[in-house]
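All remarks here apply to the structure that follows.
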Amino acid sequence: MKSQYKLTIFYGKFIDIPSLKAGFRIRSSCAIGVNSESGSIVFIQENFHDDLLKLASNWDPNLKHDEVKIVDCNNNNNNNSYAFLFPGFVDTHIHASQYPNNGLFGKMSLLEWLNEYTFPLENKLKDLNIAKIVYSKVIERTLSHGTTTAAYYATIHLESTKLLANLCSEYNQRSFIGKICMNQNSPAYYVEPSTDTSINLTKKFIEHINSINNPKINAIITPRFAPSCDKDLLCNLGKLAKQYELPIQTHLSENLNELEWVHDLFPEYANYTEVYNQNGLLNEKTILAHCIYLNDLELNTIKSKNSGIAHCPISNSCLSSGLCSVRKFLNKGIKVGLGTDTSAGYTTSILEVARHAHMVSRQLASVEGNDDCKISVTECLYLATLGGAYVMGLQDQVGSFEVNKQFDCQLINLTVEGSKIDLFPWDKETEKLEKWFFNGDDRNVQAVWVGGQECGIRSKSYL
């Protein structure tokens, strides 16, 4: 439904992290104007204490007052409250179809877990009734945690994957949705019979995405991982991505047994990364999940192709896959974002993933005796927002508050009823933010907007 408003002005404390080393950028008493039709930011006015409607008139003198909506998130008049607006989180790697299994992995490692838990669950989603329940819940849950953009893996089933795309559009979540492609080394009940079948179904899904005609909803080419795709399928998926100019997502170097398996399956390639590279699956739109055991040659290849890495520290820990050295990627200038990797990761919260990334980096520093491995709080939050936007190729659209970017935002209130965060009069502003980083959860997320449109996860009472 078309909004009655032409301009929405959001007013309050805006906090973002405009670069990896920048730290928090805090803009108090800030007014941000959002074009209601395009969802883009049209002006940013810091330290503003006058009539907000004057800003609307400056933007368009012909605007009537009833065409301007004011969203006041300022809490200066309440000394007991601390709220701020923060960019929406970007989840660069999440399996929507696995959500019911969050936290179910026993003592298993990756390959055992796939066969015991994952494949049976994913196969259930060929039933559209089950798929609707699962996909609705995971979208609701991720939005409630402030995730405004997600790179979703669905299943091999066309109709239920189309359903996921429809639901993302209805819920107004910016999404990249992939129909999983896999034609070998998978259970007989859950595998595509041929390359042609996989490619044809993927083309039909692309056509469906185009028919939705929503720029927030995108198709993404999704070979599950090299062992589940023969060379013919990998090659044709690379051609398909090039033909339709689509992004690509897959898994890389997650588990030591997986590495040995890939070497046995594809002995003609120098390494795991080359399996994707030589089949046209590495480019600036590729998202590679995990990447724990890459050697320098592989990192150089990824850097040369400008591909991005989805760091999934929770699932890496839960499946005993290993400790990933994110600092090594960052030092090479490789794009890095964060992924929940539901359901090997037990949460849909990117904030919790950011915490875990921080902890893993410190564990790695202890193991290697090298403090350079550590990632700071602000660096982790950068990966959760603008870093993830770079991985998704959306750095000019989301991830920070800039004129011409989309208004993808979450309102955080540290003092909401039930919050786990206790603030004291002597807390400095950055200390309050660090407390949120380590203790915050979805109770602190008061509202979420994507493209300037509220997603409706909370009441209209913002503070």
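Were the residues from GLU207 through LYS132 laid out at 0.36 nm apart, the gain over their Cα-Cα distance would be 24.9 nm.
As I understand it, the value is the acute angle between the Cα axis of helix 429-439 and the longest principal axis of the Cα atoms of the chain; what does it come to in degrees, rounded to 10? Around 40 degrees separate the two axes. Dipole check for the chain: with +1 at the C-beta of Lys and Arg, -1 at the C-beta of Asp and Glu, and the Cα centre as origin, the magnitude is about 600 Debye.
For segment 174-271, the set of chymotrypsin sites (Phe, Trp or Tyr not before Pro) satisfying both a DSSP loop assignment and a count of at most 11 other C-beta atoms within 10 Å is given as TYR189.
Contact order, relative form, for the chain: 19 percent (alpha carbon pairs under 8 Å, 6 or more residues apart, mean separation divided by residue count). With respect to the chain, whose longest principal axis is taken over its alpha-carbon atoms, helix 256-265 is tilted by about 50°.
Angle of helix 296-305 to the longest C-alpha principal axis of the chain, folded into 0 to 90 degrees and rounded to 10: 60°. A compact globular protein would have a Cα radius of gyration near 2.2 N^0.38 Å; the ratio found for segment 211-250 is 1.29. Give a residue-ordered list of calculated ³J(HN,Hα) values for segment 234-249 (Karplus: 6.51 cos²θ - 1.76 cosθ + 1.60, θ = phi - 60°; whole Hz; x for Gly, Pro). Residue by residue, segment 234-249 yields 4, 4, 6, 5, x, 5, 5, 4, 5, 4, 9, 6, 9, x, 9, 9 Hz.
Cα-Cα pairs above 18 Å in segment 263-421: how many percent? That fraction is 63 percent.
Ordering 423-430, 94-101 by mean Cβ neighbour count within 10 Å, with the highest value first, yields 94-101, 423-430.
Shown here is the pair-distance distribution of segment 27-154: with all Cα-Cα distances grouped in 10 Å bins from zero up to the longest one, the shares run 10, 27, 23, 17, 16, 8, 1 percent.
Ordered by 1.4 Å accessible area with all protein chains kept, LYS435, LYS405 run largest first as LYS435, LYS405. For segment 316-333, 3J(HN,Hα) computed residue by residue from phi via the Karplus equation (6.51, -1.76, 1.60; θ = phi - 60°) reads 4, 6, 5, 9, 6, 6, x, 9, 8, 8, 5, 4, 4, 5, 5, 5, 8, x Hz, glycine and proline entered as x.
Using a cut-off of 27 Å between Cα atoms, the listed pairs LYS124/LYS204; LYS303/LYS432; LYS69/LYS216; LYS179/LYS285 include LYS303/LYS432 as exceeding that distance. Coordinate range of the alpha-carbon atoms in the chain per principal axis, descending: 68, 54, 39 Å.
Over segment 385-439, the ratio between the Cα radius of gyration and 2.2 N^0.38 Å evaluates to 1.46. In this structure, the amide hydrogen of THR286, modeled 1.01 Å from its nitrogen in the peptide plane, lies closer than 5 angstrom to those of ILE248, GLY308, counting only residues at least 5 positions away or on a different chain. Put PHE24, PHE329, PHE438 in order of accessible area, highest first, and with a 1.4 Å probe you get PHE438, PHE24, PHE329.
Would you grab the residues whose amide H sits under 5 Å from the one on GLY456? Only those 5+ places off in sequence or on another chain, please, with H modelled 1.01 Å from N. Correct list: VAL448. Computed in the context of the full set of protein chains, the accessible area of the chain at 1.4 Å probe radius has 46% of its extent on carbon or sulfur.
Peptides 333-340, 397-404 ranked from most to least packed by the mean count of surrounding Cβ atoms within 10 Å: 333-340, 397-404.
Over segment 185-340, the pair-distance histogram of Cα-Cα distances with 5 Å bins from zero comes to 2, 9, 18, 21, 20, 16, 10, 4, 1 percent, rounded to whole numbers. Note on segment 96-165: Cα Rg divided by 2.2 N^0.38 Å, N the number of residues, gives 1.13. Net charge of the neighbourhood of ASN316, taken over other residues with C-beta under 13 Å away and scored Lys/Arg +1, Asp/Glu -1, is -3. Residues whose amide H lies under 5 Å from that of CYS181, counting only those 5 or more places away or on a different chain, are THR222, ARG224; hydrogens are built 1.01 Å from N in the peptide plane. Inverting the mean 1/r over all pairs of different Cα atoms, compute the Kirkwood radius of segment 146-235 and quote it in Å. Here the Kirkwood hydrodynamic radius works out to 13.3 Å.
For segment 90-245, the alpha-carbon coordinates run over 42, 37, 27 Å along the three principal axes, in decreasing order. Every Cα-Cα pair of segment 58-131 was included, and the share exceeding 20 Å stands at 64 percent. Per residue, the solvent-accessible area of the chain (1.4 Å probe, heavy atoms of protein chains only, all protein chains present) comes to 40 Å².
Segment 148-209 and segment 261-313 have Cα centres separated by 22 Å.
The values are calculated or read from the model by the stated rules, or taken from the named source; none is laboratory data. Not measured: the values here are computed from a predicted model. Neighbour counts run over all protein chains shown; Cβ positions are idealised from the backbone, glycine included. The protein model used for the area step is the full one, side chains on, heavy atoms only, and it has no ligands, DNA or RNA in it. Shrake-Rupley method; radii C 1.70, N 1.55, O 1.52, S 1.80 Å.
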